[in-house]
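> Right, I'll just put the structure down here and ask away after.
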Amino acid sequence: MKQNDILHELFMEQAVEAGFGKFHLKIDPETQLFAIIAMHSTKLGPALGGCRFIQYDSIAHAFRDAMRLAQGMSYKSALANLPIGGGKCVIIEPKGEYDREALFASYAKFVDELGGNYITAVDAGTQLNDMDIVNKYTDYVTCTHAQGDASPSTAWGVMRGIEASLQAKYGSGDLSGKHIAIQGVGKVGFGLANLLSARGAKLTVADPNERSANILAESVGAKVVGLNEIVSVKCDVFSPCALGAIINSETINKIQAPIIAGAANNIFSTPEIGEEIYEKGILCAPDYVVNAGGLIYAAMYYLGSSHDEIRAKVDEIYNTLTQVFERSAKEKVAPEKIANEIAKERIG
Ligand code: NAD
């Protein structure tokens, strides 16, 4: 088969699987901008999603990433009951030298041309500074310095997700006396540790950044363990807040916690690993439902909501997860699959 035919087939396959969708492409040779904006669904509102700025080995790979990530945003927004749809931008990072400010200014004009159908934000490779540049040329942006860090909101949502998971497993969401192992105490994990400790939870943490872990040891009495030990800590909840694909063929048999609930995205290395976790009777809160607090913050801030309204919406993560777990128990299907089904029902 010719390369074009292979690409055509690949895109079609992915488009059918993801229920896709629209693309907008801008190439600006002057600034070396090569930006793909993928809009998966705008049924619930304008497509919101981060701008990824990394190097890609092929344009096809960049398109597929944009498609996959935009679909993920649609699902996440739908489960968070937000009046927004799912989109994502992928900018292929130039290989040589480039002027970052000029490139993001050009990108901003591209976003502006879409008239608010796509709202951009940070993702891998972009920072609040980049969104500040974008904000000079368009209002269709969130995650600027003026808006502030969304991580505390994510941490709050993860805590509510842990409470909902405890409730589903033990009939009580009370954190007091519960032992929680947090893998990664960065922006989300560190905040989460403080929230959990304030509610009486006992903590074990691990992070290559020993400073953060040691601060928690001193301030809230967290036990610090090695990076390879955290997965196998005997505890009530394992909370992955560092990396994706952390539950894989190497770690799956080490997990001793009956519950997994954390901020990290795509924690299963493969869908089969997710199924295995379910069959082992480990209750795993779907990552994109638990970690939606950051998206809720970004979207609702953009839409002009107050802090109280944002907090109330993040709190809804508890009820959403409870519904997912109840349906999972009734239909005997893994929570992640139930969450995907609910998203599809809402997006239509
Ligand atoms: P971060 O970079 O601030 O923190 C990640 C922490 O994990 C760092 O302290 C890092 O040193 C640590 N780490 C790296 N490798 C580790 C390992 N092997 N074992 C233990 N710790 C390790 O990131 P963050 O913003 O706190 O996000 C954490 C996770 O949550 C990421 O997967 C991110 O994609 C996801 N997430 C974050 C947000 C948000 O609002 N920040 C929202 C949704 C999802």
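The values are calculated or read from the model by the stated rules, or taken from the named source; none is laboratory data. Only a predicted model underlies this, so the values are computations on that prediction, with no experimental measurement involved. As a convention, Cβ positions derive from the backbone with ideal geometry for all residues, glycine included, and neighbour counts pool all protein chains shown.
> Which one of these is in a helix (DSSP H, G or I), of a type in the set (Val, Ile, Thr), within 15 Å of the ligand (Cβ to nearest atom) and out of contact with any Lys or Arg (no Cβ under 6 Å at 6 or more places or on another chain): Val205, Val188?
Step by step, each of Val205, Val188 is checked, and only Val188 is in a helix (DSSP H, G or I), of a type in the set (Val, Ile, Thr), within 15 Å of the ligand (Cβ to nearest atom) and out of contact with any Lys or Arg (no Cβ under 6 Å at 6 or more places or on another chain).
> Let me ask another. Going by what's in this entry, would Cys241 be described as away from the ligand (no atom under 14 Å from the Cβ), closer than 26 Å to Asp123 by Cα and in the same structural domain as Glu326 (by TED's automatic domain parsing)?
Criteria not met by Cys241.
> Can you confirm whether Lys88 is in contact with an Asp or Glu (Cβ under 9 Å, 6 or more places away or on another chain), buried (at least 21 other Cβ atoms within 10 Å of the Cβ) and among the basic types (Lys, Arg)?
Yes: the conditions hold for Lys88.
Every residue, every condition in (1) at pLDDT 95 or above; (2) out of contact with any strand residue (DSSP E or B) (no Cβ under 7 Å at 6 or more places or on another chain), yes or no:
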site	(1), (2)
Pro240	yes, no
Ser249	yes, yes
Ile252	yes, yes
Ile260	yes, no
Asn266	no, yes
Glu276	yes, yes
Lys280	yes, yes
Asn291	yes, yes
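> Okay, next question. Scanning region 67-94 for residues that are of a type in the set (D, E, K, R) and without any contact (Cβ under 8 Å) to a residue 60 or more places away in the chain, which turns out farthest from Ala339 (Cα to Cα)?
Of everything passing the filter in region 67-94, Glu93 is farthest from Ala339 (Cα to Cα).
Results for (1) in contact with a Gly (Cβ under 6 Å, 6 or more places away or on another chain); (2) farther than 15 Å from Cys284 by Cβ; (3) surrounded by 16 or more Cβ atoms within 10 Å (Cβ to Cβ), shown as yes or no for each residue.
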| position | (1), (2), (3) |
| --- | --- |
| Leu166 | yes, no, yes |
| Asp174 | no, yes, no |
| Ala181 | no, no, yes |
| Lys187 | no, yes, yes |
| Phe190 | no, yes, yes |
| Leu196 | no, yes, yes |
| Leu216 | no, yes, yes |
| Leu227 | no, yes, no |
| Ser249 | no, yes, no |
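> Next question. Would you point out which residue out of Asp236, Asp207 is surrounded by 15 or more Cβ atoms within 10 Å (Cβ to Cβ) and over 10 Å from Ile182 (Cβ atoms)?
Sole residue among the options that is surrounded by 15 or more Cβ atoms within 10 Å (Cβ to Cβ) and over 10 Å from Ile182 (Cβ atoms): Asp236.
> Can you name the residue in region 145-164 that is out of contact with any Leu (no Cβ under 6 Å at 6 or more places or on another chain) and more than 15 Å from the ligand (Cβ to nearest atom) and is also farthest from Ala47 (Cα to Cα) among such residues?
Taking the candidates together, the pick is Glu163.
> Any idea which of Glu341, Glu326, Glu336 is acidic (Asp, Glu), buried (at least 17 other Cβ atoms within 10 Å of the Cβ) and assigned by TED's automatic domain parsing to the domain that holds Pro271?
Glu336
> Which one of Cys241, Cys235 is over 27 Å from Ala150 (Cα atoms) and in contact (Cβ under 8 Å) with a residue 40 or more places away in the chain?
Result of the check over Cys241, Cys235: Cys235.
> Whether any residue in region 331-341 is within 16 Å of the ligand (Cβ to nearest atom) and assigned to a helix (DSSP H, G or I) is what I want to check.
yes
Results for (1) aromatic (Phe, Trp, Tyr); (2) closer than 30 Å to Asp308 by Cβ; (3) out of contact with any Asp or Glu (no Cβ under 7 Å at 6 or more places or on another chain); (4) away from the ligand (no atom under 12 Å from the Cβ), shown as yes or no for each residue.
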site: Val225; (1), (2), (3), (4): no, no, yes, no
site: Asn253; (1), (2), (3), (4): no, no, yes, yes
site: Ile259; (1), (2), (3), (4): no, yes, no, yes
site: Ile267; (1), (2), (3), (4): no, no, no, no
site: Thr270; (1), (2), (3), (4): no, no, yes, yes
site: Glu276; (1), (2), (3), (4): no, no, yes, yes
site: Tyr288; (1), (2), (3), (4): yes, yes, yes, no
site: Gly294; (1), (2), (3), (4): no, yes, yes, no
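> Answer yes or no: is there a residue in region 57-67 that is of a type outside the set (Val, Ile, Thr), over 21 Å from Gly125 (Cβ atoms) and at pLDDT 90 or above.
Checked against the condition, which is being of a type outside the set (Val, Ile, Thr), over 21 Å from Gly125 (Cβ atoms) and at pLDDT 90 or above, region 57-67 yields no hits at all.
> Would you mind stating whether Ala66 is among the small types (Gly, Ala, Ser), within 18 Å of Gly348 (Cα to Cα), buried (at least 23 other Cβ atoms within 10 Å of the Cβ) and within 16 Å of the chain's Cα centre (by Cα)?
Criteria not met by Ala66.
> Checking the structure you have, find out if any residue of region 278-285 is within 20 Å of Gly191 (Cα to Cα) and either crowded, with 19+ Cβ neighbours inside 10 Å or within 14 Å of the ligand (Cβ to nearest atom) (or both).
Checked against the condition, which is being within 20 Å of Gly191 (Cα to Cα) and either crowded, with 19+ Cβ neighbours inside 10 Å or within 14 Å of the ligand (Cβ to nearest atom) (or both), region 278-285 yields at least one hit.
> Which count do you get for residues in region 37-63 that are aliphatic (A, V, I, L, M), part of a strand (DSSP E or B) and surrounded by fewer than 24 Cβ atoms within 10 Å (Cβ to Cβ)?
1
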